[in-house]
Amino acid sequence: MGPGSKMLQRERMIEKMKEPKPKNIREVPGYIYRVVTKFFYRLFYIFGLVWETSPWILIFLIFMAIWNGVTPVIGSIIGKDVMNALADSYISVTTGGENQFRSVVTLLVLMFAFNLLTALVSLLSNIVNNIAGELVVNHINLKIMRKAREVDLASFDDPDFYERFENAKREAGMRPIHILNNNFNMISTVISMISFVIVLAAVSKFIPLILVILSLPTAVITFTYRKKNYFYVRFHSKERRQMSYYSDVLTDKDMIKEIKIFGLSDTFVGRYKRTFDQYFKGLKKLFVGEGLWNVGLRVLATAANCVMFVYIAKGVADGRYQVGDYSLYIGALQAISSGVSSLISTTATIYEGTLFIDNLIRFMNEEQTIKPSIPEPRRITHHVGHKIEFRNVSFVYPGHDRKVLNNVNLTIDAGDTCVLVGVNGAGKTTLIKLLTRLYDPTEGEILLDGYNIKEYDTEDLYSMFGIIFQDFGKYAVSVKENIMFGQIGKEADDAKVEEAAQQSTASVFIEKLPGGYNTPLMRYFEETGTELSIGQWQKLSIARAFYSDSDVIILDEPTASLDAIAEQDIYNQFDRLRKDKTTIFVSHRLSSATVANKIIVIENGEVIETGTHSELMKNRSRYYELFTTQAKRYITPIDGVSAEEFMMEDKEVSEFLRGKPPRD
């Protein structure tokens, strides 16, 4: 798909997200109703989030909205009375009358007391807002984390979902509390404006109307560009992710070695700049367009304000108003003018914010499909053998057409040691994901002890497996916690942790660490954190599998990063530990397959062979081909002597080659 096609697809996505515009006058009411309904739905969703966090936050915000609404009017009236008192005192003294300074002092004391109270309440509001903001952010982050725990793995493979997830995390910051603050600021502004309109009605009933009419074009421009900005940011998240990726690559401690050796710094800096230029080009166009419209409208509004200022000044000059009244009316005029602008800007900001909150709403409404299929889920009987059956199982990853697994039929009996064999992309890891119910089959069913695995409690099903994935986890916690994560529900037992480490041979390097099992790993949080090699991390992941009290052990390339001796030690340990347990290996090193009582060969998503090592070698089919291809690398002649004859000189190897079991 070329750039033009991608741009067209993106434009179609934008149009799809927009509320369909009315095609005729009859559709206008419905259009307005849908826009307003969605706006208030999002707004009340935010109210709900804050109420869930703590009800007192909403109550305080309501109080501040009323307080901030009435204080400007009260302050203006006190200011007017001070000005009039000063003018009256001046006239009284200059005309030979009584000095009225005492009344002026009383009003000044009242004014400064009011200003002090206002300042104190404002400081209290700032403190509460900071506390409330942190509490709301924490609450929303916890909701996202809990939701991520429930969301299906398949959802994370969906680019649209991942975009929503990214946007939800980004918007989980201060935006909800900002929207609420803006909402209550708007209420405060409305209260102030109504009060000032009543004040200005004594001068002219038309002045407030003129101000409102002048504000309408500004409102249209502001809302239009807020919506454009929202859709631009939302549907250019790919560019933002690219910029973040290029930046992270150049600052990633694990990547920096290759970056320096291969001289890739300029390449990624260049890609970052090109992506930013493309992304910024559209933003700049929006900023400039809105700015030019606002300049023209501001000139028009200033001219109108000038005319109204002159009109009020003439009233004072003609003796219709006092000097203090002039300050009140001018203040009211300015308050209404700025209030209208503030209402437009604040409402647009709230509208834009609620659009962004839509990302969070859509993420939180993501449906979970990996859940029990019956009202009362079955429970796993632990610490016993289990029979697993795949019946006509096929699977297609979401958004794709190719069958990764096609009509798979196989049985794994209790106590079996199975090895899944096949080239990269054959479907081995996918089969493991279906068995552990990280995905559900597209076709067919998987049975556990005679029942479809969909009927079991999901969490209970997961607890049955002790598993090491190819991309095993590296946790920035202590060594001990890394091992204990294998079964987090088990009561902490240092002896069991150390035993698991010994079984995985991880104890050899752990005992040399500064803090032993309490050594913090990675340097995300601790300056003294230790960075392990990939092989050491893999040994820790294997220790997790040993630590878990699971009925089925699944190892997806468990020794890929280990040397040959460490690998053999691990397999020797597994030979002892897998008694009475079902073990499933995925491995490209076919030497591990020789210990299995069942080898399953997968190719192009289909099971093409099943049997023991001896049986499959005698078949001289695909397994034989894969095994002998690897074996040839180890049996090249040595100084003219065949590798087999050379190794026969070693007594233990000689016994192994003759079929005798190795000695412990």
Suppose the chain between Gln368 and Ala303 were pulled fully straight at 0.36 nm per residue; how much longer would it get relative to their current alpha carbon spacing?
17.5 nm
Loop-only chymotrypsin sites (Phe, Trp or Tyr not before Pro) in the stretch 241-302, please: DSSP not H, G, I, E or B, and at most 15 other Cβ atoms within 10 Å.
Phe262
Per DSSP, loop GluC sites (Glu not before Pro) in the stretch 358-428 with at most 14 further Cβ within 10 Å
Glu367
Here the stretch 489-505 yields Karplus 3J(HN,Hα) values (6.51, -1.76, 1.60; θ = phi - 60°; whole Hz; Gly and Pro given as x) of x, 6, 5, 4, 8, 4, 5, 5, 4, 5, 5, 5, 5, 5, 5, 8, 6
Any idea what the alpha-carbon Rg over 2.2 N^0.38 Å comes to for the stretch 361-423?
1.57
Could you tell me the calculated FRET efficiency between Arg402 and Asn424, based on Cβ-Cβ distance and R0 = 22 angstrom, to the nearest 0.05?
0.90
Can you compute the label reach from Asn619? Point 7 Å from Cα along the Cβ direction, backbone N cut-off under 14 Å, restricted to the stretch 402-441.
409-411, 419-422
Sequence order, the stretch 458-470: Karplus ³J(HN,Hα) from phi using 6.51 cos²θ - 1.76 cosθ + 1.60, θ = phi - 60°, Hz rounded, Gly and Pro as x, gives 4, 4, 5, 4, 4, 5, 6, 9, x, 9, 10, 8, 4
For the peptides 218-226, 461-469, 610-618, what is the packing order when you average, over each peptide's residues, the other Cβ atoms within 10 Å and list the highest mean first?
461-469, 218-226, 610-618
Positive minus negative residues near Ile602 (Lys, Arg vs Asp, Glu; Cβ under 12 Å)
-1
Sum up the charges of everything whose Cβ sits under 13 Å from the Cβ of Ile432, counting Lys and Arg as +1 and Asp and Glu as -1, but leave Ile432 out.
0
Net charge of neighbours whose Cβ lies under 14 Å from the Cβ of Val288, counting Lys and Arg as +1 and Asp and Glu as -1
+3
Once you have the Cα-Cα distance between Lys387 and Ala87, take 0.36 nm times their residue separation minus that, and quote the gain in nm to one decimal.
98.2 nm
Reduced Cα scattering model of the stretch 53-206, Debye log10 I(q)/I(0), q = 0.18 Å⁻¹
-1.09
If you roll a 1.4 Å probe over the stretch 415-504 with all protein chains in place, what percent of the accessible area is carbon or sulfur?
45 percent
Counting other Cβ atoms within 10 Å, keep those with at most 13, restrict to DSSP loop, and tell me which chymotrypsin sites (Phe, Trp or Tyr not before Pro) in the stretch 486-538 are left.
Tyr524, Phe525
If amide hydrogens are placed 1.01 Å from N in the peptide plane, which non-local residues have theirs closer than 5 Å to the one on Ile584?
Cys418, Ile553, Ile554, Leu555
Got a sec? What order do Arg544, Arg34 fall in by accessible area at 1.4 Å, biggest, i.e. largest, first?
Arg34, Arg544
In terms of the Cα gyration tensor, with a ≥ b ≥ c the square roots of its eigenvalues, is the stretch 143-289 rounded because a/c is under 1.5, prolate because a/b exceeds b/c, or oblate?
prolate
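The values are calculated or read from the model by the stated rules, or taken from the named source; none is laboratory data. Please read all numbers here as calculations on a predicted model, not as lab measurements. Cβ coordinates were reconstructed from backbone atoms using ideal geometry, including for glycine residues, and neighbour counts include every protein chain displayed. All accessible areas refer to the heavy atoms of the entire protein, side chains included, with ligands and DNA or RNA removed. Shrake-Rupley method; radii C 1.70, N 1.55, O 1.52, S 1.80 Å.
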